[in-house]
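The values are calculated or read from the model by the stated rules, or taken from the named source; none is laboratory data. Only a predicted model underlies this, so the values are computations on that prediction, with no experimental measurement involved. Heads up, the Cβs are rebuilt from the backbone with ideal geometry, glycines too, and the neighbour counts pull from every protein chain shown. In case anyone asks, the SASA skips ligands and DNA or RNA and just uses the protein heavy atoms, side chains included. Shrake-Rupley method; radii C 1.70, N 1.55, O 1.52, S 1.80 Å.
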Amino acid sequence: RLNAYLAYVGVASRRGADDLIKSGKIRVNGQIARLGVKLNLNDTVETDVRGDKYSYALYYKPRGEVTGLHKSLPGLHPLGRLDKESEGLLLYTNDYRMTDALLNPEHGHEREYSVTVREQMTPRVERLLMSGITTQEGTYKKAVRVTLSPNRHTVHITLSEGKKHEIRRMLNALNLTIESLKRTRILFLTLGKLKSGEHRILTEKEELHLITILSSSV
């Protein structure tokens with residue numbers, strides 16, 4: 001909804017956004033908006049009201065680097081972490097409101113990983129990952145998708161929970177030795193053409209899509 005979007009981009013609270021809409025200060029696709037309107041991905045929202053400016057960026061964390069603040073992304077912080085020996089996609093932002101919306105396991109937002117192991121995996125690994133696994137550290141929900149490579153040394157895993165060291169603990173419980181672990185996707189955002197150590201700012205279309213998804217989680 002329009003009021004949720006306006007709240008998420010920092011223009012006003014939801015109640016304040018409703019007041020702005022009632023007063024005719026919000027336009028959607030050039031037309032004065034009405035209460036209760038729902039946005040589509042390609043809609044353009046305009047207002048003369050000045051809100052906080054939030055930035056969102058994707059970063060390809062190299063293996064061996066500790067997740068944290070990055071000099072190439074001043075003022076932004078990572079949402080979530082990858083351990084030092086893992087690599088791949090991180091989302092950086094100065095929008096603290098996204099933290100719970102993205103990271104809370106109850107919201108079920110997908111993350112995808114590519115994992116290479118020393119041993120050759122059997123179909124049993126796929127079945128167990130798709131059933132959920134209990135380890136000494138806790139119980140992990142079943143994977144959304146699991147795909148084994150033809151050589152059975154690499155597995156692509158999509159998860160919706162996001163607990164600490166989740167993949168490492170699950171595969172360790174299956175007596176598999178991880179040689180490399182890469183996060184390739186968060187929600188609809190992928191590594192794309194990013195190379196290790198590179199970053200890019202999200203496009204306006206990506207921002208709107210991201211905010212639309214996460215605003216439904218708050």
Extension gain from L41 to R81, taking 0.36 nm per residue of separation minus the Cα-Cα distance: 11.6 nm
Spatial separation of Cα centroids for region 48-117 and region 11-27, in angstrom: 30
K164 paired with E198, simple spin-label distance in nm, labels 7 Å along Cα-to-beta-carbon: 3.3
Candidate lysines - alpha carbon under 25 Å from K22, same-chain residues fewer than 8 apart omitted: K38, K53
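Fully extended, how many nm does the chain gain between R152 and H209 (0.36 nm per residue separation, minus their Cα-Cα distance)? Could the numbers behind the result be given before it?
On the way: separation 57, 0.36 × 57 = 20.52 nm, distance 3.50 nm.
Going from the current span to full extension adds 17.0 nm.
For the full complex of protein chains and a 1.4 angstrom probe, list D100, D83, D48 by accessible area with the highest value first.
Working: D100 85, D83 45, D48 135 Å².
Largest accessible area first, the residues go D48, D100, D83.
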GNM result for the chain, Cα springs below 10 Å: residue of Q120, Q136, Q31 fluctuating most strongly: Q136
Region 69-116 shape via C-alpha gyration tensor axes, a/c threshold 1.5: oblate
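With r defined as the distance between the Cβ atoms of E137 and L69 and R0 fixed at 22 Å, what FRET efficiency is calculated, to the nearest 0.05?
On the way: r = 28 Å, r/R0 = 1.27.
Once the sixth-power term is evaluated, E becomes 0.20.
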Which of R14, R183, R81, R168 is most accessible, then next, and so on - probe 1.4 Å: R81, R14, R168, R183
Candidate aspartates and glutamates for bridging to K84, where Cα separation is under 15 Å - those fewer than 8 sequence places away on the same chain excluded: E65, E166, E179
Computed E for S180/N104 - FRET, C-beta separation, R0 25 angstrom, nearest 0.05: 0.35
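Using only helices, what value at 222 nm comes out for the chain when you add -39,500 (n - 2.57) per DSSP H run of length 4 or more and divide by the total residues, to the nearest 500 deg cm²/dmol? If you can, show how the numbers build up before the last one.
On the way: 6 runs with 49 residues, N = 218.
Computed mean residue ellipticity for the chain: -6000 deg cm²/dmol.
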Amide H partners (placed H, <5 Å) of H77, local residues excluded: T93, N94
Residue pairs, from the table K25/K163; K164/K195; K61/K141; K71/K163; K163/K193, whose Cα atoms sit over 32 Å apart: K25/K163
